[in-house]
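Taken together, the values in this text are just the output of simple stated rules run on the coordinates, not laboratory data. These figures come from a predicted structure and were not determined experimentally. Ideal geometry is used to build each Cβ from the backbone, glycine not excepted, and the neighbour counts take in all protein chains shown.
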Amino acid sequence: MTKIVQIYLNGKPVEIMEEDTIANLLIQEGLLNKRIAVALNQAVISRQQYAVTRVYDQDKLEIVTAVGGG
Amino acid sequence: MADDILLLGKRCYHSRLLVGTGKYENFEQTVLAVEAAGAEIITVAIRRMNLGQNQNEPNLLEFISPEKYTILPNTAGCYSAQEAVYTCQLARELLNGHSLVKLEVLGDQKTLFPNLKETLLAAKVLVDDGFEVMVYTSDDPIVAQELENMGCIAVMPLAAPIGSGLGIRNPYNLQLIIEQAQVPIIVDAGVGTASDAAIAMELGCDGVLMNTAIAQAKHPVLMAKAMNLGVQAGRKAFLAGRMPRRLYAQASSPLADTISL
């Protein structure tokens, strides 16, 4: 049976399937192929790595984009 | 006169007005202001996505396209070198390897003055990592020189605190910075109205970067146009070379053959 683990997504605790990939998480959030950048535990993950990078319990995942600023 | 080009790293620009995209009512207004400003280099901030709802919310980059404009991601809101470097790394990934960044490391929430120690630290790391760094700094000529020596491609001293609209507070320091610099000097922050932009350019700045002065004007798009013209007027006046200041009057009409009674 798949275990549920807790990660921090943009600072907020969320539950995901253990060892889910970044690509899967982005699909669930409707963000695959959007203009975003992703970092896992403060290391930037290139988009080529989304499908093979797994997220573990207590990991910190950041999904960022460009917004208005000066 | 030959084409007056702004050379930034390896890129050439015709416009010397760089604009931000913050504080506008909506993306449509942002686009209109950017177009009226005639800007080619547009700053954006990097922030966490709003997750959950709004999956189809439009993205700024759909309006200000990286194909049409040079996007200049900033590190606004960063108070340490580490945060700023991390933000730049995320920006580079977001923009498909585009390495131009606006580095700003703030020191204090009230003044938004730069933390120069952290700015210098971050600049070193970023330059070593292959970033093309345009750096927000104070109007200290020694620090400006240091940042240039480190390999920053443009040095961007403030004219007054960010968002203050107080204008060019220390033209003498700006002049010192301009005089010694081999890289473009761009006034970043503090401009309030078109005459401020013109004064910065008349001093010999290579460009002006602004956001609030346009976005918070009563009519942002009209102000964007005014800034566009102010920057152009100031640049032309600088190139033309102003007349010397004199204490006493000097008649413009011939002194000879005046009609007398």
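With 31 Å as the limit, the listed pairs A:LYS3/B:LYS102; A:LYS3/A:LYS34; A:LYS12/B:LYS225 have A:LYS3/B:LYS102; A:LYS12/B:LYS225 beyond it between alpha carbons. Nearest 0.05, what FRET efficiency do B:LYS23 and B:THR258 give at R0 = 45 Å with Cβ-Cβ as r? Step by step, r from the Cβ atoms, then E = 0.20.
For the range A:4-65, the calculated P(r) over all alpha carbon pairs, in 10 Å bins from 0 to the bin holding the longest distance, is 24, 65, 11 percent.
How far, in degrees from 0 to 90, does helix B:171-180 lean away from the longest principal axis of the Cα atoms of chain B, to the nearest 10? Once rounded, one gets 80 degrees. Across all Cα atoms of the protein assembly as shown, the radius of gyration (one decimal) and Dmax (whole number) stand at 23.3, 114 Å. Cβ-Cβ distance of B:ALA240 and A:LYS3, R₀ of 56 Å, FRET efficiency by 1/(1 + (r/R0)^6): the value works out to about 0.15.
Here the contact order of chain A, divided by its residue count and restricted to Cα pairs under 8 Å and six or more residues apart, works out to 41 percent.
Just add up the charged neighbours of A:ILE4: K/R +1, D/E -1, any other residue whose Cβ is under 13 Å from the Cβ of A:ILE4.
Around A:ILE4, the charge tally is -4.
With Cβ to Cβ distances under 13 Å as the rule, what net charge do the other residues near B:LEU112 carry (K, R +1; D, E -1)? Surrounding charge for B:LEU112 is -2.
Taking Cα centroids, how far is the range B:1-40 from the range A:24-70 in Å? Comparing the Cα centres of the range B:1-40 and the range A:24-70, I get a distance of 30 Å. Taking a point 7 Å out from the Cα of B:ASP129 in the direction of its Cβ, none of the residues of the range A:7-34 has a backbone N less than 15 Å from it. The longest part of chain B holding none of the exposed loop GluC sites (Glu not before Pro), meaning those outside H, G, I, E and B in DSSP with at most 13 other Cβ atoms within 10 Å, is B:68-261.
Among B:ARG47, B:ARG235, B:ARG242, B:ARG92, the ranking by other beta carbons within 10 Å of each residue's beta carbon, starting with the fewest, stands as B:ARG242, B:ARG47, B:ARG92, B:ARG235. From the Kirkwood radius over Cα pairs of the range B:196-261, Stokes-Einstein at 37 °C and 0.692 mPa s returns a whole-number translational diffusion coefficient of 224 µm²/s.
Counting Lys +1, Arg +1, Asp -1, Glu -1, what net charge surrounds B:GLY190 among other residues with beta carbon under 11 Å of its beta carbon?
Working: positive: B:ARG169; negative: B:ASP139, B:ASP188, B:ASP196.
Spelling it out: positives minus negatives among the neighbours equals -2.
Restriction of the trypsin sites (Lys or Arg not before Pro) in chain A to DSSP coil positions whose beta-carbon has at most 10 other beta-carbons within 10 angstrom yields A:LYS3.
Taken along the Cα-to-beta-carbon direction at a fixed 7 Å, the label points for B:GLU57 and B:TYR79 span 2.5 nm.
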